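Taking it in order: structure first as structure tokens, then the write-up.
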Amino acid sequence: MKVSLVSPYNVITASGVRTLSAVLKTAGFETRLVMLPPVGAKAGWGEAGVNVAYPPAVLDQVSDVVRDSDLIGISLSSNYFDNAIHITRHLRDATRAPIIWGGVHPTLRPEECLEHADLVCVGEGEDALLELVQDMASGGDGDGVRNIWRKRNGEIVRAPLRPLPTDLDAYPYPDYDLDAEYVLHEGTLQPMTRALLCEFLGHITYEKGASYRAIMSRTCRQRCAYCANSALGKLYGKEWRVRRRSVAHFIGELKQAVARFPEIQRIVIEDEFFLDDDGTIRDFCSAYKKEIGLPFVVTGMFPSLITEERIRLLVDAGMSRAGVGVQTGSDRVMQKVFQRPCTREQIVRVFGILNRFKDRFKPTYQYIVDNPWETEGDQLETLRQLLIIPKPYILEFFSLTLFPGTRLSERAIEEGIVTDEHSQVYHKDYHAPTSSYVNALYRLFQSQRAPRWAMRLLMSAPLRRLGWAGLPVAASQFFYALSLPGKAWKRARKGDWSWIREIPRRLGRRRKG
């Protein structure tokens, strides 16, 4: 029994797909991994799916690789819906193997996905996929396997949900064997090599060098109105809660990864919800510092859970950066729109706590823009909050995307804000905010080029009313140009003249922004 697992995501870590492969391998089945990041994207970077069409030659190469498969699985979120359709249509003509879709989008839109796939996995897939493959290996078709939906005689057969697994230590570490793995790189599907893997792993953080992504826990305690957890929480009810691997199991994965790939220079912990258990934090920090010792990044910190003691423990263990979901500077938006249990006062307190560790740690503050329920006053509150963030910091802005099944998505459909999910949601790149004066101000804050007096001037009511989005862009170029002599002098004193070649490129990038 051979199973091919295809990932269209722009990063090749794809821990869910790799864990599925490891589960099947542990049970004695042969698997192959096919990583298809967007065509033309730099290794590790790229658009979030967004209506990507793979060249026919690439899809022919994929077909050749998976042709002898007995089952083909494709993982997808809403932004990769078109990618999955494109791959599926081509493979259906090239192979007789049934095609199963899994991931967040198939879980929330199984009926829609069954218009394209033969089978759909609703919910977490490790146990369901294993049972399906075992049944198929014995001559069955997986009929009756919980979580696996299908069509029979044109009618959808809805399988019941199996309980969520609580013992995450029962699953093996993600599959990084590389012996039967392929990756789309520079327009060609190539066997994954150690060098290629490390190149991809070198472009998933702001820092240089290979980073290993890992997940210690699943789900989130909060159910913010814009997040898929609010939709998944409705599906699972009280079962939808934070579940964690043991510290020993998590550290074991990191030890294995670092031993296998000594090129790894940092660990990225991608939990959606980190920090809520003091005992776990202490045990993790002690074990990590002793057995791993590399710098690490935490991508998901909830502001109200941040305390000085927790941050001190983590920084002492090697945490160099963390993502903090601020989302907005407006209490009204935070509580009435996003339904997120956090206040402006708590956020300001977090700024102070994290700044106390500025010599060893840099926070990344994340905000949501393009919110149709946000007023001009709400935007001003966010801008004023940005003025008081102490340096150093990194800012990230994400365009609000109304993912299917979330409370905000349902509200937007009811109010007529979303009339076509495919064009307004599935095709949207949440990394690309719309062009507006306020968003241009946000980008200027992001660049940290302008002094605060200039930011206050640009925030003034007369300039906001003009709405000239090019004005903050021009300001960014102006203050960048002012900074050049000092920077050039510092580098010239070191004998580095490469800055001359960088000026046109950097100015051009700001012009585009």
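The values are calculated or read from the model by the stated rules, or taken from the named source; none is laboratory data. Just so you know, these numbers come straight off a predicted model, no measurement behind them. Here the Cβ positions follow ideal geometry from the backbone for every residue, glycine too, while neighbour counts run over all protein chains shown. Note: areas computed on protein heavy atoms with side chains; ligands, DNA, RNA excluded. Shrake-Rupley method; radii C 1.70, N 1.55, O 1.52, S 1.80 Å.
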Relative contact order [Cα under 8 Å, 6+ residues apart], the chain, whole percent: 11
Computed E for ASP60/MET1 - FRET, C-beta separation, R0 30 angstrom, nearest 0.05: 0.75
Under 25 Å from LYS2, Cα to Cα: lysines that are on another chain or at least 8 residues apart: LYS25, LYS151
Rg/Rg_ref, the chain, where Rg_ref = 2.2 N^0.38 Å and atoms are Cα: 1.01
Protection proxy ranking of 200-207, 222-229 - average other beta-carbon atoms within 10 Å, highest first: 222-229, 200-207
Residue-normalised accessible area of the chain, expressed per residue, 1.4 Å probe, Å²: 43
Rounded, prolate or oblate (a/c below 1.5 giving rounded, otherwise prolate when a/b exceeds b/c) for segment 318-390 by Cα gyration tensor: prolate
Shape of segment 190-319, Cα gyration tensor, a/c cut at 1.5: oblate
For segment 264-360, alpha-carbon Rg over 2.2 N^0.38 Å: 1.13
By average C-beta atoms within 10 angstrom, highest first, the peptides 169-180, 481-492: 169-180, 481-492
Lys/Arg +1, Asp/Glu -1 at C-beta; the chain dipole; positive extreme among TRP468, LEU254, PHE81: TRP468
Extension gain (nm, one decimal) between GLU111 and ASP276, 0.36 nm per residue minus Cα-Cα: 55.8 nm
Computed Rg/Rh of segment 123-172, alpha carbon atoms with Kirkwood Rh: 1.02
Sulfur and carbon atoms: percent of accessible area, the chain [1.4 Å]: 52
Members of LYS290/LYS362; LYS255/LYS289; LYS208/LYS494 lying beyond 18 Å, as alpha-carbon distances in this model show: LYS290/LYS362; LYS208/LYS494
Estimated FRET transfer efficiency (GLN448, ALA248; beta-carbon r; R0 56 Å; 0.05): 0.85
HN-Hα J in Hz across segment 113-121 - Karplus 6.51, -1.76, 1.60, θ = phi - 60°, x for Gly and Pro: 5, 6, 6, 10, 9, 6, 9, 9, 9
Potential extension, PHE479-TYR236 segment - 0.36 nm per residue separation minus Cα distance: 82.3 nm
Listed peptides 327-339, 346-358, 112-124 by packing density, highest first (mean Cβ within 10 Å): 112-124, 327-339, 346-358
Kirkwood-Stokes translational diffusion coefficient of segment 397-494, alpha-carbon pairs, 25 °C, 0.890 mPa s, µm²/s: 152
Segment 109-177, relative contact order in percent, only Cα pairs under 8 angstrom and at least six apart counted: 27
